[in-house]
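Please treat every number below as a calculation from the coordinates, not as lab data. Every value quoted in this text rests on a predicted model; they were computed, and no experiment measured them. No Cβ is skipped: glycine too gets one built from the backbone with ideal geometry, and neighbour counts run over all protein chains shown.
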Amino acid sequence: MKFIRARVMLAAGLIAAAGAVTGTVLAAVPASAASGPVVLVDPCHGSGLVRPAVYDIGCMPSNEFVSNLSWTSWRSVAFGSGVLRVNNCTPASSCGPSKFTRYPILTVLWGAKPWPHHAGRDYFSRLTWIFTGKRPAHTPVSQTFTLPTT
């Protein structure tokens, strides 16, 4: 239990430090540098999301998605927390409607880049999540993904 608390405290400290650095960098960027907030591109509809509560990674009904998102910062880097929900049914099982296992995570959206075909808008190109408690078997404590532009 102490090991998990230490990991969570370390992750929170890293996020806080990154937030301080981001704030310093942002203070040097003119307000007119972008025409609006950086967006998270919804892969299902191609729209830009700002501070979404849910993000479907696979755009179907997916086997995993992030829910209960709460954001503490949304600038050129976004910090938040949420729950990764992973479908634990297999085609061979008879579990009826999909059953999802919940894993608490910290989330970081980063790598802001110009959003193709959206003049003056930026999008987050990377998502990192950090497990703060239990996690799926054989899964590292943190994972980083490249995000779609459409």
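Scaled against the 2.2 N^0.38 Å expected of a compact globular protein of N residues, the Cα radius of gyration of segment 98-149 reads 1.46.
Amide H contacts of Val39 (H built 1.01 Å from N, in plane; Pro and chain starts excluded): Asp122, Tyr123, Phe124 sit under 5 Å, all sequence-distant by 5 or more or on other chains. With each label modelled as a point 7 angstrom along the Cα→C-beta vector, the His138-Val86 pair spans 1.1 nm.
Each residue of segment 74-80 was assigned a 3J(HN,Hα) from its phi angle through the Karplus curve 6.51 cos²θ - 1.76 cosθ + 1.60 (θ = phi - 60°); the sequence is 8, 9, 6, 9, 10, 10, x Hz, with glycine and proline shown as x.
With R₀ set to 22 Å, the beta-carbon distance separating Val50 from Thr146 gives a calculated FRET efficiency near 0.65.
Approximating the spin labels as points 7 Å out from Cα along Cα→Cβ, the Lys99-to-Glu64 distance works out to 1.9 nm.
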